[in-house]
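Reading through the structure tokens given below for one structure.
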Amino acid sequence: MRVCLFFFWKVTTRRLEDMTPFMIVLGLALVFEGGQCLEREVLVAHGSVAVLPCVDEFSMLSYPTAVYWSRMIGDSMKTVWRREKSGLEFRPVRDQPRATCPVPNFGKGDYSLHIAGTTIEDGGKYVCEVEGKTRMVKVIMLRVIRASFSPAVVVEGSSTEAMCDVSPTTSFVRVNWKRNGHFISTTSLSNVSQRDAGIWTCQFSRKGVEVEATADLQVKGIATPQDNSSVLYAAVGSSVSLPCLFTDGLIPNTVTWNRTESPRPLPASFDWPLGSTASATIQRVEDGDEGMYTCSGRMKGLKREGIEVQRRMELVVARVLSSSASSGNGPVTLTCHLSKSDQNISYEWFRVTYGPNDTQTVTSVRKTKSFRIQQVTEKHAGEWMCRYYGKQGALGNVTYQFPIMGALKNGKSSPGNKTAMVMGLGFFFLVIFLVLFQMYRNYRRKKMILLYPAMETIVHQTTTEREQRQRSKAKMTEPCVGDPKSVCV
């Protein structure tokens, strides 16, 4: 009752010309109605839309009506929104109005005020006055909850604190905090990391009403990876990317990469660009490239000072080890080997085949680290793949190629291969027979000639005379040198 009387005095002093009738009507409402002057509390989050209720539950007001929304600032009342019975509506001229009262709802007896983009400064007491045949006055306490950080933007390793402010302040409240959807118990951070970045939520509860206000904590430094626990997997012969993504504020030409806990230099195919995206790439992974790698750079702090940040990540190299008997005809064992593994790693072997148009078919063979083949045949030739898993799922693959010739060497030939082999052997023996037969004929001829030396002399003489006659005939047909008209006879 005292609250309504207080606002009655403030409102009537603002409009002195209507003070007398308003005092009579409001006095009757307080004495006989007892419920037309009420105070309610509304809780909203900073930045949201606040709806201050002003509803005629008793339907005692006729339409059209005059509606006045005012806010108490100190000892004075400030008009927020108003509409006269004539339909004339008053709005701010300079700024875009954030507060409005939907006129179409008046016919339903709803005169609620809507405030868009609520700020912490909007908190306070508001008065709704509705004039029809009677007068209705309602008082609404608007409390705005805001989540924030001090400071709002921090650099890795610095300190910050989460705050949940309410305006106007009040007591008998309960406040809980969540970070990225998970409840936390502390709001004071002394060594900020990238894992602390994200959406923080303040749960504000009072008198059974709960409101959530959020704030985004930005941490300057290396955004990816978030900490030093990253493990990367790559197969021998493949390429791998080592992520190192800086947030805004990186000082140019300060990014460096090096190997940690290893005297070896960076791999020969190691390369990284300059800029905020300083991720490195190993074009071809080789044995010995496993180990720890460190990316470091300097950031500009909040006071423009240089702050060094760094990330460590581990590279695990995968390869397939093949072991077989010394004779080459025994069983073969394929082992999926990681340069560093633990008991949480599981393995699975697959057979990879290719069809028309390079279609790939992957068939699971066995879930084991080592796979043993008793005898390599033609069907084992081609590509085999080992996939290794961790708690978060598949970590990577490594492939192995069985040589086709080795498979054919120890495998059983198909009927088609047998036919080709028989034909090849038959042709080979035929050639050998013909060569031997010709050698035998030459041998017999030579032997027959040696038995008759006189005949050999006659044959040799006859052959010589024939060659001489042919040469003489060729000379007779040649023209004489120096006389083109004469012919040598």
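List the number of the failed condition for T100; all other conditions in (1) at pLDDT 95 or above; (2) surrounded by fewer than 17 Cβ atoms within 10 Å (Cβ to Cβ) hold.
(1)
Could you list, in sequence order, all residues of segment 121-169 that are at pLDDT below 90, among the aliphatic types (A, V, I, L, M) and assigned by TED's automatic domain parsing to the domain that holds P102?
Scanning segment 121-169 gives a single hit, M136.
What number of residues within segment 154-163 are small (G, A, S), surrounded by 13 or more Cβ atoms within 10 Å (Cβ to Cβ) and part of a loop (DSSP other than H, G, I, E, B)? Break it down into steps so the answer makes sense when it comes.
Of the residues in segment 154-163, the ones small (G, A, S) are 157-159, 162.
Then keep just the ones that are surrounded by 13 or more Cβ atoms within 10 Å (Cβ to Cβ); that gives 157-158, 162.
Going one step further and asking which of them are part of a loop (DSSP other than H, G, I, E, B), we end up with 157-158.
Of the residues in that region, 2 qualify.
Conditions (1) closer than 29 Å to S48 by Cβ; (2) at pLDDT 90 or above; (3) of a type in the set (F, W, Y), marked per residue:
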| position | (1), (2), (3) |
| --- | --- |
| G181 | yes, yes, no |
| S185 | yes, no, no |
| N191 | no, no, no |
| F204 | yes, yes, yes |
| A213 | yes, yes, no |
| P225 | no, yes, no |
| S230 | no, yes, no |
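Identify all residues within segment 185-225 that are in a loop (DSSP other than H, G, I, E, B) and touching an Asp or Glu at 6+ places or on another chain (Cβ under 7 Å); write none if there are none. Before the answer, list the steps.
Kept after step one, since they are in a loop (DSSP other than H, G, I, E, B), are these residues of segment 185-225: 185-187, 190-193, 197, 207-208, 221, 225.
If the condition is that a residue be in a loop (DSSP other than H, G, I, E, B) and touching an Asp or Glu at 6+ places or on another chain (Cβ under 7 Å), then T187, V192, S193, G221 are the ones that fit.
Looking at segment 92-124 only, could you name the residues that are in contact (Cβ under 8 Å) with a residue 60 or more places away in the chain and of a type outside the set (S, T, N, Q)? Step through it out loud before you land on a result.
Filtering segment 92-124 down to residues in contact (Cβ under 8 Å) with a residue 60 or more places away in the chain leaves 112-120, 122.
Across segment 92-124, the qualifying residues are L113, H114, I115, A116, G117, I120, D122.
Let me confirm something: among G306, G208, G237, G288, which residue is exposed (fewer than 15 other Cβ atoms within 10 Å of the Cβ), in contact with a Pro (Cβ under 9 Å, 6 or more places away or on another chain) and of a type in the set (G, A, S)? Steps first, please.
Working: G306 fails: in contact with a Pro (Cβ under 9 Å, 6 or more places away or on another chain); G208 fails: in contact with a Pro (Cβ under 9 Å, 6 or more places away or on another chain); G237 fails: in contact with a Pro (Cβ under 9 Å, 6 or more places away or on another chain).
Unique residue meeting the criteria: G288.
If you check D110, D75, which single one turns out to be modelled with pLDDT of 85 or more, over 53 Å from the mean Cα position of the chain (by Cα) and among the charged types (D, E, K, R)?
Numbers: D110 fails: over 53 Å from the mean Cα position of the chain (by Cα).
Every option except D75 fails the conditions.
So that you can scan it fast, the table gives a plain yes or no per residue for (1) surrounded by fewer than 18 Cβ atoms within 10 Å (Cβ to Cβ); (2) under 24 Å from E308 (Cβ atoms):
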| position | (1), (2) |
| --- | --- |
| D165 | yes, no |
| Q194 | no, yes |
| P225 | no, yes |
| S229 | yes, yes |
| T254 | yes, yes |
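Quick one: I199 ticks every box in (1) of a type in the set (V, I, T); (2) surrounded by 15 or more Cβ atoms within 10 Å (Cβ to Cβ); (3) touching a Lys or Arg at 6+ places or on another chain (Cβ under 8 Å) bar one, so which box is it?
(2)
Could you check how many residues of segment 369-398 are assigned to a loop (DSSP other than H, G, I, E, B) and either of a type in the set (F, W, Y) or over 18 Å from S230 (Cβ atoms) (or both)?
6
Can you tell me how many residues within segment 103-118 are surrounded by 14 or more Cβ atoms within 10 Å (Cβ to Cβ) and on the phi < 0 side of the Ramachandran plot? Before the answer, list the steps.
Going residue by residue through segment 103-118, those that are surrounded by 14 or more Cβ atoms within 10 Å (Cβ to Cβ) are 106, 109-115, 118.
Imposing the further condition that a residue be on the phi < 0 side of the Ramachandran plot reduces the set to 106, 110-115, 118.
Adding up the residues that qualify gives 8.
Within segment 265-278, track down each residue that is under 19 Å from R311 (Cα atoms), loosely packed, with under 14 Cβ neighbours inside 10 Å and not aliphatic (A, V, I, L, M).
Initially, segment 265-278 is screened for residues under 19 Å from R311 (Cα atoms), giving 265-267, 270-278.
With loosely packed, with under 14 Cβ neighbours inside 10 Å added as a condition, the list becomes 265, 271, 273-275.
P265, D271, P273, G275 - these are the residues of segment 265-278 that are under 19 Å from R311 (Cα atoms), loosely packed, with under 14 Cβ neighbours inside 10 Å and not aliphatic (A, V, I, L, M).
Using beta carbons and a limit of 6 Å, which pairs, at least six apart or on different chains, have the first residue in segment 252-278 and in the same structural domain as S238 (by TED's automatic domain parsing) and the second one among the charged types (D, E, K, R) and modelled with pLDDT under 90?
Going by the 6 Å Cβ cut-off, the qualifying pairs are T254/R298.
Restricting attention to segment 240-252, which residues are surrounded by 14 or more Cβ atoms within 10 Å (Cβ to Cβ) and within 28 Å of C386 (Cβ to Cβ)?
Narrowing segment 240-252 to residues surrounded by 14 or more Cβ atoms within 10 Å (Cβ to Cβ): 240, 242-247, 249-251.
Listed by number, the residues that qualify are V240, L242, P243.
The values are calculated or read from the model by the stated rules, or taken from the named source; none is laboratory data. Every value quoted in this text rests on a predicted model; they were computed, and no experiment measured them. Virtual Cβ from ideal backbone geometry, glycine too; neighbours counted across all protein chains shown.
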